[in-house]
């Protein structure tokens, strides 16, 4: 049993930590010379792109590096005791009781064959030897603390009976069961929807205050870190490059990488035409191919030959701010306030004629209650309910919504992978709602193409990149012979700014961003008129996102393509779209110009969505709206308005109208429509969710 | 002439050494066992302050090292026997092991060349090259290739023919000299009940096993893939029906099925031949669909490839199933002038049964992988550009299912080999005098208590081949997971 003697010093002190993984060929240094201190009750954020070593630090603290990983230098002190020197038994006592960890995938952290209650009760029974009764009481308390409804029923259920958000709350509850001094959260909300994420973030913040737990919060999302943490540490390629209080680092950054990172994320005010994002040039170095001197050197605007690439660069403590440090030799010389060199701003493309018109589209699925014999009651899943909208040439229409809102079904119907139940889709003047893809002619197929979400899945791993593009050309009947198609394929590679040599590479030799570019090239192979981009950048690192987004915009401008941009990330939507359509449970709840949708009056759901998205800007003030509960199942939607179960304005509608009927689509302003019962004067009283504080 | 000793002249000093290696190995094993029970762990790698690493050895490490060296010594002694067989002049000096080693000379040369070439170029050879990074994989590959080369060079290795009988050599023990004027001076592994050379029959038997097993497995894979892909990809009623049929076949006792297939009435009725007509159609369908789906956008290339596949495929197909010369045959329409070959009836039965029994399992594996792979975005990408279902199945899904399939292929050749042995053992299928390992074991079984030597060599050969295939599959699986 862990002794719980009070301890005043820092909870966690990491000094010059280096961690390496040993493979057959070489030693791969994952973390180098990493130092940080977490005081009691403090929340420390670790931020960086994938592969920068942030998770390795967490695993190092847990002393769980696997067979190949080893701490090769430095110390990790937890409450003054060196974790590196502890025996396995001592570590076992600490883990799960004094240090608890929460992982990204909640389902992977829960035992699917054990009831929630049993799993929670195990913690105090093992670590503190409590009786079953005491443990049950404690479990009940903690489940209430993580704001789960009906705790007693929760304890009796199995993990698969809960939704993703509820599962993650249970995992947090499990971590809190032993009242740990240090909580490590490794991307705890990445697998969740934004509104659910907002709930979890709110919870974590509250718990830190209530239990006085110190936290190590690992994330790639700067906005999330801003909302949850007191201090942060920016990591790049295995090293901490800048560390300090949130306010110091966000508003007074002293490292070129931090600066570049902030310039590549779409903050309010960025605009695809006037103020485009600035992508970080080059690629993340592989761990065994790091440059000498500064790791960020080759991608840095302030790089100085002979100085930045001479020796390893130490962390330099700054004289202002609280424990603010940077790993840059030139921080004193750089003018941090200089405005960025604006990448050539472009003309706003003129929006042309309507190319796609969708009228009253419905898509229902019939699901047999008993799958084995096909008998029994049939249930109808209303995946898309009376969708009406149109898209014009050269226009970017963003489709926003959380998982289960029907945006993927819409894409499927549009592509012809499913046929519509009712309604009409007009492509040009041709109705295509009932033509499955096999019956569409080549022109129609090549006109509507798709860019997929997961870069690691979008290319066939056993075919060369060139071959896959050529195949698309063959199918679209472009080019008379192999040589012509090869030439066209090379041109397409130029279009997405990939070297022509990539034609003969296998997909596994490409990075995520490069694969996504090939995916874009493939979609544009047949001069597509309409491209459905299903979260094309959400799986990419921040610095790559900007480059891929800009590429899409550039191609769109040149080819006059209509882009249907499916996303849940409102920051990027605000940055690049001309019009926005918000979907919830198969319904379009709001449709309008980007300006109209992002400013009041809102649909209540849009309002909550806007509030949920974390924004990495300290000057932003947000209204705090957290939605209760989860998205209802499409199998069993609520009566009346689909959003009524979570709506905070429901009481403002007289006569329980929300429970009874689905609101009609109302036009508020020219081209701005919402599906809500709220009266005009209430709508007009709505305040903007995001306010930029006066400087 | 005298009876040969097992180890010959080198035995006088190699025998004590090999015995010592066994004793040391056992001693090391028990020490390690006791130490582990007592709680001593092998030493761990530690990083020292100056950037170097050190292993702090414990007694358990030393015990493990001792075992390793004992195995090495054992292997060296075995190589010593073979070298003895190659360099010493007379049969008496070579001993049985030496002489056997010498008979296998072509096999050794081929093995050394294969390994030398493969290891030199292993970085360029993809998964096959990676195999040479794993000791297990190399041992497995070595064992398999040993029997493959034995089958290829069987006529060079085997001193006698499979059916040569020397009446005075009946049931003679290993190393017995043959009478003057015979093809070879000794029966190295003795003679069987009819006075035939056990060693020669073992070597010649490998030809049968290695011809039928891989080919039958390949056919089973063709059937399994051609049915499994649509079952997994299209799903629905088709899947339900196919899976049900596969379950039916799997639920039927295999041996009973074999007995049924060789029952004279059933053979008379032509059931095996009709079955072969259906089963052998699958490879042709597979190839035609494969080429058509890939090249349907370029009709010229498509027509040439599909044409070649269809003509060659159907020629082989009709040659295979039709037998005009045999009056009992159920299918006799293919003119003899273009009939390339005829398969003996019982060989066909063995082949059909093995394919029939193996394909449902392959079907299930392929169906399972397809269900997983079809959810990938590249499959959706193919769908959204209007590819046909067969292109998606054969060119998008199948290549990405190859990993588990290659491993299963190796394992399945092993099962098929055992199945062939079982068939031979029950006297089903191949003719009783055939030298295949199953029949030979069955033959030797009758006098097993008195003369164990005729049954043991084929049994050990079967064991080593299957062991080799399993190790090879393990090695492939292990290496394909690494990067």
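The values are calculated or read from the model by the stated rules, or taken from the named source; none is laboratory data. From a predicted model like this one, the values you see are computed outputs, not experimental measurements. Ideal geometry is used to build each Cβ from the backbone, glycine not excepted, and the neighbour counts take in all protein chains shown.
The residues of segment A:83-116 that are in contact with a strand residue (DSSP E or B) (Cβ under 7 Å, 6 or more places away or on another chain) and within 14 Å of chain B (Cβ to nearest Cβ) amount to a single one, A:84. So, residue B:11, is that one within 14 Å of chain A (Cβ to nearest Cβ) and either in contact with a strand residue (DSSP E or B) (Cβ under 9 Å, 6 or more places away or on another chain) or at pLDDT below 85 (or both) or not? No; evaluated as a whole, the condition is false for this residue. Scanning segment A:413-429 for residues that are closer than 24 Å to residue B:391 by Cβ and more than 9 Å from chain B (Cβ to nearest Cβ) yields A:413, A:414, A:418, A:419.
All told, residue A:272 meets the bar of being modelled with pLDDT under 80 and under 27 Å from residue A:608 (Cβ atoms). When the residues of segment A:287-316 are filtered to those that are surrounded by 13 or more Cβ atoms within 10 Å (Cβ to Cβ) and not in a loop (DSSP other than H, G, I, E, B), the one that is farthest from the chain's Cα centre (by Cα) is A:316.
Is it the case that some residue within segment B:272-288 is free of Cβ contacts under 8 Å to residues at least 24 places away in the same chain, within 14 Å of another protein chain (Cβ to nearest Cβ), within 25 Å of residue B:221 (Cα to Cα) and not in a loop (DSSP other than H, G, I, E, B)? Within segment B:272-288, not a single residue is free of Cβ contacts under 8 Å to residues at least 24 places away in the same chain, within 14 Å of another protein chain (Cβ to nearest Cβ), within 25 Å of residue B:221 (Cα to Cα) and not in a loop (DSSP other than H, G, I, E, B).
Here residue A:565 clears all of (1) closer than 29 Å to residue A:257 by Cβ; (2) assigned to a strand (DSSP E or B); (3) within 14 Å of another protein chain (Cβ to nearest Cβ) except the condition numbered (3).
What are the residues in segment B:194-228 that are outside any helix (DSSP H, G or I) and in contact with a helix residue (DSSP H, G or I) (Cβ under 7 Å, 6 or more places away or on another chain), if any? Walk me through it before giving the result.
Let us first name the residues in segment B:194-228 that are outside any helix (DSSP H, G or I), namely B:194-197.
Within segment B:194-228, just B:195 meets the criteria.
Of the helices (runs of 4 or more DSSP H) lying entirely inside segment B:375-461, those containing at least 2 residues that are out of contact with any helix residue (DSSP H, G or I) (no Cβ under 6 Å at 6 or more places or on another chain) and either on the phi > 0 side of the Ramachandran plot or more than 10 Å from chain A (Cβ to nearest Cβ) (or both) are B:402-425, B:437-445. Going residue by residue through segment A:170-177, is there one that turns out to be at pLDDT below 85, closer than 17 Å to residue A:97 by Cα, in contact with a helix residue (DSSP H, G or I) (Cβ under 6 Å, 6 or more places away or on another chain) and not in a helix (DSSP H, G or I)? Yes, the conditions are met somewhere in segment A:170-177. Filtering segment A:430-484 to residues that are touching a strand residue (DSSP E or B) at 6+ places or on another chain (Cβ under 8 Å), more than 10 Å from chain B (Cβ to nearest Cβ) and under 22 Å from residue A:539 (Cα atoms) leaves nothing. From the list B:127, B:64, B:86, B:131, the one residue that fits, being within 14 Å of another protein chain (Cβ to nearest Cβ), modelled with pLDDT under 90 and either assigned to a helix (DSSP H, G or I) or under 28 Å from the mean Cα position of the chain (by Cα) (or both), is B:127.
Between A:228, A:243, the distinction of being farther than 14 Å from residue A:36 by Cβ and surrounded by 24 or more Cβ atoms within 10 Å (Cβ to Cβ) belongs to A:228 only. The combined condition, being within 14 Å of another protein chain (Cβ to nearest Cβ), within 26 Å of residue A:188 (Cα to Cα) and either touching a helix residue (DSSP H, G or I) at 6+ places or on another chain (Cβ under 7 Å) or outside any strand (DSSP E or B) (or both), is not fulfilled by residue A:45. For residue B:361, the criteria (1) surrounded by fewer than 21 Cβ atoms within 10 Å (Cβ to Cβ); (2) modelled with pLDDT of 90 or more; (3) within 30 Å of residue A:445 (Cβ to Cβ) hold in every case but one, which is (3).
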